[in-house]
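See structure below.
The values are calculated or read from the model by the stated rules, or taken from the named source; none is laboratory data. What you are looking at is a predicted structure, and each value in this text was computed from that prediction instead of being measured. Here the Cβ positions follow ideal geometry from the backbone for every residue, glycine too, while neighbour counts run over all protein chains shown. Side chains are part of the model used for accessible areas, which takes the heavy atoms of the whole protein and leaves out ligands, DNA and RNA. Shrake-Rupley method; radii C 1.70, N 1.55, O 1.52, S 1.80 Å.
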Protein chains: 6
Amino acid sequence: MKILVINPNISDSVSALIQSEARRTASPGTEIEVATAPFGVAYIETRFEALVGAYATACVAAERYGNYDGVVVAAFGDPGLQGIKELLDVPVVGLTESALMTAAMLGQRFSIIAISSRIKAWYRETVERSHLASRLASIRSLEEPLKDIGSVQQDYAGRLKELCKQVVDEDGADVIIIAGAPLAGLAREIRDELPVPVVDGVSSSITQLEGLIRLQPKKATGGSFTHPPVKPNQGLPEPLERLLNTQLRNCF
Amino acid sequence: MKILVINPNISDSVSALIQSEARRTASPGTEIEVATAPFGVAYIETRFEALVGAYATACVAAERYGNYDGVVVAAFGDPGLQGIKELLDVPVVGLTESALMTAAMLGQRFSIIAISSRIKAWYRETVERSHLASRLASIRSLEEPLKDIGSVQQDYAGRLKELCKQVVDEDGADVIIIAGAPLAGLAREIRDELPVPVVDGVSSSITQLEGLIRLQPKKATGGSFTHPPVKPNQGLPEPLERLLNTQLRNCF
Amino acid sequence: MKILVINPNISDSVSALIQSEARRTASPGTEIEVATAPFGVAYIETRFEALVGAYATACVAAERYGNYDGVVVAAFGDPGLQGIKELLDVPVVGLTESALMTAAMLGQRFSIIAISSRIKAWYRETVERSHLASRLASIRSLEEPLKDIGSVQQDYAGRLKELCKQVVDEDGADVIIIAGAPLAGLAREIRDELPVPVVDGVSSSITQLEGLIRLQPKKATGGSFTHPPVKPNQGLPEPLERLLNTQLRNCF
Amino acid sequence: MKILVINPNISDSVSALIQSEARRTASPGTEIEVATAPFGVAYIETRFEALVGAYATACVAAERYGNYDGVVVAAFGDPGLQGIKELLDVPVVGLTESALMTAAMLGQRFSIIAISSRIKAWYRETVERSHLASRLASIRSLEEPLKDIGSVQQDYAGRLKELCKQVVDEDGADVIIIAGAPLAGLAREIRDELPVPVVDGVSSSITQLEGLIRLQPKKATGGSFTHPPVKPNQGLPEPLERLLNTQLRNCF
Amino acid sequence: MKILVINPNISDSVSALIQSEARRTASPGTEIEVATAPFGVAYIETRFEALVGAYATACVAAERYGNYDGVVVAAFGDPGLQGIKELLDVPVVGLTESALMTAAMLGQRFSIIAISSRIKAWYRETVERSHLASRLASIRSLEEPLKDIGSVQQDYAGRLKELCKQVVDEDGADVIIIAGAPLAGLAREIRDELPVPVVDGVSSSITQLEGLIRLQPKKATGGSFTHPPVKPNQGLPEPLERLLNTQLRNCF
Amino acid sequence: MKILVINPNISDSVSALIQSEARRTASPGTEIEVATAPFGVAYIETRFEALVGAYATACVAAERYGNYDGVVVAAFGDPGLQGIKELLDVPVVGLTESALMTAAMLGQRFSIIAISSRIKAWYRETVERSHLASRLASIRSLEEPLKDIGSVQQDYAGRLKELCKQVVDEDGADVIIIAGAPLAGLAREIRDELPVPVVDGVSSSITQLEGLIRLQPKKATGGSFTHPPVKPNQGLPEPLERLLNTQLRNCF
């Protein structure tokens, strides 16, 4: 099977981290391709940046349509995720969504460790969209401005581990979610030093998506995840326009 | 004061309806300007179409930045609303948000009347984002495919009135919200025939935004509605890039 | 238009604060009249005091019935608000309700700054009645006994500003609501020193009520905000008895 | 022990029904005294009528203060209940509250059978105040105008039984709450014909209050149910004024 | 009336505490019998231990079936409570359930004081099952390993009192629930030193169950608390098998 | 990897259905072993039957401890799931849990199709325990008594398909969950005739568990999913006693 992992941001260094963790996790026979957004910002911390990332991700997904069996929207906060699920006829998952579903089977309450204080509101609202906010023990984050988005894990390893311990000891977390593509792979490295299971967005998105693809869910032709109805549009990138205007492969 | 009303869709006929209701509602001294999205779809019914409309609205808001005292995002479902609030340093309201806040002061439970069945999921999720879903009595909608988005009010007047009566009699609504820019102005015409107050998205957005502008709320420099932090970006339309890269007028 | 602002308490000094902020906010052409409850307590901090204030407010509203286009119930906690909405055929708003609706358009989460510790439970329950409790970041209050209800703003200016900063920095508030009629007008004075928008109950009640009156919502003749059904009553003040026994001007 | 049951309405016929069911339920040694509100309406169906009944109930409770070991607020909807709990230093329960707590131990979901359609909104909000709304399967009511508030049980026995069956078969109720003082005692008569336990507001208020009195809970001197702080007041009935101004027997 | 109190754990010392508090509380004429689980663990702190206690309690209830008018499941956390309610045709209450219902009538928000940190997750989930979690101010617990489950009250009296004060002062509790059978009776001893009412699981279970028995609720023959349908089973203790296979006394 | 699938009921015919669907789904290299509960009932429809199945499942899991890399609790309703997660040091999933997590990534709202009316309450409460009840569109079920638990799929194929269509058309489901081990495999057969994705409990439990095992989450040594603390116990089956008394392989 072939999985397209879209980094909704323009940072190639983050795409590299994503790719490396995705490949470590993928089953034999799974092909991972990582695409970086052609426009947008360096990394998403706010609702506005997510709005831009959502559109960029949709453009990439449309452009490569037909060349994958499933898509990962690879920024925590899942920009545009639900809309892209409507658009495509293959399974689509997001980092937050996958991490939440995985964490929910490893314990009752989870906490999120994030890279910046600003990002916390956006993450909380993402959890609310999944209706799992009442199982969220806390969100804790680094407070200092980041030196370099590509080396957050190295630069703040100690502080991140401390935050992980606090959410268990003080907030009652049964599971820790290490959030954000810039932290992809960190869970794997520090897991043995922590008292509870640690979930990584990228690796859980790969196992979740592989599982979905194997279950072969049909594309909805009823309910609210049907392809958007064909109707006049203008000014859209050609692949997106084509995808909006055409009947999909699988769904009719 | 000068209000920019952005239609997140490409339909000029709907922009005309919006403009007409907005002007009927505006206070003396309020100048209304309506802009139509330069790209996107004819009208938003789904999460994906909202994703496109959100980006288009942001582009328009950036392009005209400096020429308004407040912005209305004029599609029910409020595409991109919270993100655009972060971006700008003037008040921004959406049709759903305004209608909900207005309805919430006229009764305890409200219902939404919509133009298509497909649109209902997107509206319900918009209400959930406001955390007012437990006051939502119901959403009812037209079921047939629309003949023409510009003449929905005329084409389905009778059926729309029937739906209004059902939500009061069967669903327990204290207030009716007539949803969607294509229905702008209908509330005004049928209100005398209905047993409860009827709220229109466009007119309530104008009164709410005028009220906010008069209260002169300062632009947040703390909390989660601060302007997105300046960071590398690429490939964005120039006005948006400029707005992301510059210090704002009011906030520092 | 003519707005009756009812202070549900017996404190003339607080009525003066209310009047002054209401007049500063009102649009040209809006006439503000402030009435003080003829019986009750000095200021409402508890559920029981609110029960008394509710009845007093209803008596004043009945007594002056016919002489206003809308009513403000001018104590935070909105004593009797929903009942009085049933009774009258013009829009009625409360300080908490107005502040919440205004705050909800300026950010996602808000905190309330209150004048006494005792008052916090009553405020929280008022927010719960609006179903917006999950957007309430916190309620913080002065802890010392008040010297004089008419000079709280002067006596505790520094401490109140500190509380405002704490709710942003520690509780995650996007908006601050300065609660309680005794603090009317304070928001205006300290807003420039605070990092997020500050909402004042009195001024937001005036803009919200003006907006509602301009929208001319009809009096409900169906749903749960219809006038109470005519039925035997006894022992009520004559204006209240008359209002309960008579058909209303606008609603039939 | 001596229990004061206050009918918040002016209907002596309803007081007689209440008294008769209360006495049938009371333990040996429990003295039941029923008082009828000296002012107010014939029966409470709306938020406004509840506002009046709340004040009337408080006045009666104050007038007879010292002559009871506990109080029942004997109208469904519990007018003024939480405020009166603050005021007094003995246990106070309401019909809805008692019925909900009793029903909650007999099953997971309950439905309410009510005497009028208008009353349903007020009942639903009462259940919301207890935070048990998510266990409420439904509220069903008589729809016709009542002939006589004192003979509702006789006049509509068949229809009320039908409603009881519907809430089990169609709404998933595990327990039926027969609501409203005018229906006091009906549960006892029809219980054998119904498939699930039936809870009566009056009888459950008596068993709950007897239980509380036997547990001898102390009057709060901390938290939000402390007696309202002594402060200036005016224009109140003398017993209420005295109760507000004096230190209570038990709490200091 | 005869009440069977089942200690779901194997600790006779805790059964003795339960019995002594139950007898102190019981009305004249109420006979209390306490049974200790024949298998299981010393005291329940976790979901797994509750699973074992649930089955043990069911076995005891089946074995003594016919010899009681009501049952108390006497461990905080109410192991197996809802299932045992289905099984039996007499009222069944749990310590948590009874304490919550009692506390809910004495204030709006309550806190739970527990004997170990580990137990907090299980208690929180028990409160969630009652749908009252939004009225839970906090759960605080002893942190040290217990010396002896039979003498917790003596060993930690001071610390437990401190925790009680903290939940009022810091967490906003109106009522304190002293949780867990090992603390049975403590409430009675320290109540005068605390600022708010204190609820004990055992004593409130007795008053609640006595009240229910007096109301004589019928066994459900509809809804979800009907006796489990007769169907093939194997390997169960004989009394349980008999109870599952036979028509019940009261319900058909 | 080796997966132990435990049927909490005594029906070998259902175990056969489970085994067959589990093997169809399993990845190459995954070994599936199905165990049937040695005691209990034919199939679980009620809270009481779940209580019995929980204990039986725990006994089986203990007996075979050391011979598996993960466990599926293979009855919808997940009897004992959270407790067994505490007990073991390998991942454990339930049919409901897995189906919910899978469904939650295929749409926003889901409905459950069940085999009996009685079972609906237990399923709804299971969904509540996951905190996803607000995404549950409906539960619909067969109404007639089942002829044979092993042939439900054949006997009621038409009616089950009808129910599936109703939840999409009338209840707004985006995804259908076919619930209950007796329906294992049905989803696969009817999926092409339905308008939305269909999720099967057994197959989603296998993909979810395989994913978890591949992620190698560590056994909690902190938080509420730590192994139950070692303490006195008695009367337990020897393997369970040993597992409770011993340090686990992986967690210390």
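A few notes on this one:
- Reduction of at least 50 Å² in accessible surface, 1.4 Å probe, comparing all protein chains with the chain by itself, residues of the stretch C:64-104: C:Glu86, C:Met101
- Of the residues E:His131, E:Gln153, E:Val199, the one whose Cα sits farthest towards the positive end of the charge dipole of the stretch E:96-201 is E:His131 (charges of +1 on Lys and Arg Cβ, -1 on Asp and Glu Cβ, taken about the Cα centre).
- For the segment A:37-44, counting C-beta atoms of other chains within 10 Å of every residue's C-beta and taking the mean gives 4.
- Both the radius of gyration and Dmax for the protein assembly as shown are 31.3, 86 Å, in that order, over alpha-carbon atoms.
- Helical contribution to [θ] at 222 nm, DSSP H n ≥ 4, -39,500 (n - 2.57), averaged over chain F, rounded to 500: -12500 deg cm²/dmol
- Taking the centroid of alpha carbons for each part, the stretch B:32-59 and the stretch C:18-43 are 43 Å apart.
- Residue and distance (whole Å) for the chain C Cβ nearest the axis that superposes C on A: C:Ser134, 5
- Rounded FRET efficiency, nearest 0.05, which uses the C-beta distance separating A:Gln234 from E:Lys161 and R0 of 60 Å: 0.25
- Between the stretch C:168-182 and the stretch D:121-166, the Cα center-to-center distance that results, in Å: 40 Å
- What the Cα atoms of the stretch A:96-200 give is an Rg and a Dmax of 12.4, 35 Å.
- Pairs of Cα atoms nearer than 8 Å and 6+ residues apart set the relative contact order; for chain F it is 22 percent.
- Neighbouring partner chain Cβ atoms per residue of C:116-124, average, 10 Å criterion: 3
- Spatially proximal aspartates and glutamates relative to A:Lys147 (Cα-Cα < 20 Å; intrachain offsets below 8 disregarded): A:Asp12, A:Glu45, A:Glu49, A:Asp155, A:Glu162
- Computed with a 1.4 Å probe on the full set of protein chains, the accessible area for C:Trp122 sits at about 20 Å².
- Simple point charges give the picture: +1 on the Cβ of Lys and Arg, -1 on the Cβ of Asp and Glu, and for the protein assembly as shown a dipole about the Cα centre of about 0 debye.
- For E:Thr126, the solvent-accessible surface with a 1.4 Å probe is about 10 Å², rounded to the nearest 10.
- Inter-chain Cβ neighbour count for F:201-209, averaged per residue, equals 3 (cutoff 10 Å, partner chain atoms only).
- Listed residue (E:Gln108, E:Gln216, E:Ile190) projecting farthest to the positive dipole end of chain E, Cβ model: E:Gln216
- Calculated label separations, A:Gly158, copies of the chain, 7 Å along the beta-carbon direction, nm: 3.8, 3.8, 7.4, 7.8, 8.4
- The base-10 log of I(q)/I(0) for the stretch C:108-150, evaluated at q = 0.18 Å⁻¹, reads -0.53 [Debye formula, identical scatterers on Cα atoms, solvent excluded].
- Per residue, the stretch F:56-135 exposes 17 Å² of solvent-accessible protein surface, assessed with a 1.4 angstrom probe and all protein chains in place.
- Computed P(r) (all Cα pairs; chain A; 5 Å bins; percent): 1, 7, 14, 19, 20, 17, 12, 6, 3, 2, 0, 0
- Under 21 Å from the Cα of C:Lys85 - lysines, other chains or at least 8 residues apart: C:Lys2, C:Lys218, C:Lys219, C:Lys231, D:Lys120
- Based on Cα atoms of the stretch B:171-252, Rg over Rh with Rh as the Kirkwood radius reads 1.18.
- Here the protein assembly as shown has 47 percent of its accessible surface on carbon and sulfur atoms, given a 1.4 Å probe and all protein chains in place.
- Solvent-accessible surface of protein heavy atoms, probed at 1.4 angstrom with all chains present, puts E:Leu4, E:Leu215 in the order E:Leu215, E:Leu4, largest first.
- Chain pair F, A: total accessible area buried, heavy atoms, 1.4 Å probe, Å²: 3800 Å²
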